[in-house]
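Read through the structure below, which is laid out as structure tokens, and then see the notes.
The values are calculated or read from the model by the stated rules, or taken from the named source; none is laboratory data. As the structure is a prediction and not an experimental result, all values here were calculated from the model. Cβ coordinates were reconstructed from backbone atoms using ideal geometry, including for glycine residues, and neighbour counts include every protein chain displayed. The accessibility values were calculated without ligands, DNA or RNA, using every heavy atom of the protein model including side chains. Shrake-Rupley method; radii C 1.70, N 1.55, O 1.52, S 1.80 Å.
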Amino acid sequence: MTATSGSRGKLFVVATPIGNLDDLTPRARQVLASADVIAAEDTRHTRGLLSRIGVEARLIAYHEHNERERVAELLERLASGANVALVSDAGTPLISDPGWRLVRAAREQGVDVVPVPGPSAAIAALCASGLPTDRFVFEGFLPRAEGARASRLRELNSERRTLVFYESVHRLADTLAALVEHFGADREAVLARELTKVHEQFRSGTLADLAASLGADVPLLGEFVIVVAGNPSDASPDEARAREIYDTLAAELEPAKALQLTSTLTGISRNALYKLLRI
């Protein structure tokens with residue numbers, strides 16, 4: 001699979017283990033071993049992985065801070081016949097990681113983009129959560145800023161599908177508190193920690209239960225996925241529309257003003273809206 005003169009190379013999007021090295025597929029190992037260059041989010045991390053599987057590193061850094069210039073460089077390599085493997089620190093590239101711009105640009109240039117599927121923390125957590133999996137929404141990391149995070153959660157409050165979030169250990173407590181505030185303390189959820197690793201852990205319960213478990217039953221160590229049940233409300237179409245109107249207004253106005261205008265526009269009383277929207 002090395003470069004061939006006079007023909008375009010291929011871009012391989014390669015999933016790597018999220019913890020357990022045995023989850024690296026034979027195909028992924030072969031692609032990494034034979035690629036002309038490996039574009040990695042963190043070359044130090046990927047060099048360690050390659051060393052453990054006996055692959056000589058031919059690495060180039062590709063991350064959100066150098067993505068623009070790297071896309072042009074990698075397209076040149078692909079045009080010259082080089083085969084490029086794109087990897088992230090762990091799991092499936094592009095899922096809450098950079099890479100889609102490269103994939104899009106490659107396709108626009110007529111380059112074959114080949115997925116090499118494998119581990120994904122979001123899918124692993126969802127499948128083992130016990131929550132509905134037939135329809136779900138992957139949200140990745142919520143905004144860091146409190147106001148932006150609150151706005152996004154207001155938009156998601158009426159979502160009926162299962163929700164999947166990533167979160168770092170340093171922001172986990174704040175995020176769970178925000179989920180309790182906007183989704184309600186009794187919303188069913190599952191917290192997954194250190195997936196596929198030695199200390200893998202799943203904690204099920206309400207959002208309030210999960211928030212209370214931090215630091216005691218759930219150590220504040222490692223990487224986390226939060227899986228949250230969709231809104232179970234059997235709201236009427238009018239009530240669903242009221243949620244949409246309120247969420248739009250609340251993004252620009254104080255909650256009390258947004259509630260008042262929603263009541264005026266929908267004809268639903270303020271008290272009924274208050275209970276419906278849980279604000």
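See the values below:
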item: Long-range Cα-Cα pairs in segment 1-122 (distance over 24 Å), rounded percent; result: 18 percent
item: Additional length obtainable on full extension of the chain from A128 to A185, 0.36 nm per residue less Cα span; result: 18.3 nm
item: Nitroxide proxy distance, nm - points 7 Å out along Cα→Cβ at E194 and D23; result: 1.4 nm
item: Heavy-atom surface of segment 213-275, accessible at 1.4 Å and reported per residue (Å²); result: 58 Å²
item: Spin-label model distance (nm) - A57 vs L94, 7 Å beyond Cα toward Cβ; result: 2.6 nm
item: Solvent-accessible ranking of K257, K197, largest area first, probe 1.4 Å; result: K257, K197
item: Candidate aspartates and glutamates for bridging to K10, where Cα separation is under 15 Å - those fewer than 8 sequence places away on the same chain excluded; result: D36, E73, E76, E108, D112
item: Label zone at D238, where the point sits 7 Å out along the Cα-to-Cβ direction: segment 254-279 residues whose backbone N lies under 16 Å; result: 262-277
item: Estimated FRET transfer efficiency (L253, V137; beta-carbon r; R0 30 Å; 0.05); result: 0.70
item: FRET efficiency, R101 to R44 (Cβ-Cβ, R0 22 Å, nearest 0.05); result: 0.45
item: Over the chain, relative contact order from alpha-carbon pairs under 8 Å, at least 6 apart, %; result: 18 percent
item: Stretchable slack from D217 to D112, in nm (0.36 nm times residue separation minus alpha-carbon distance); result: 33.1 nm
item: Alpha carbon centroid spacing (whole Å) that separates segment 52-122 from segment 206-279; result: 38 Å
item: Three semi-axes of the equivalent ellipsoid, the chain, Cα gyration tensor, whole Å, largest first; result: 42, 23, 15
item: Segment 35-181 - Debye-derived log10 I(q)/I(0), Cα point model, q = 0.14 Å⁻¹; result: -0.84
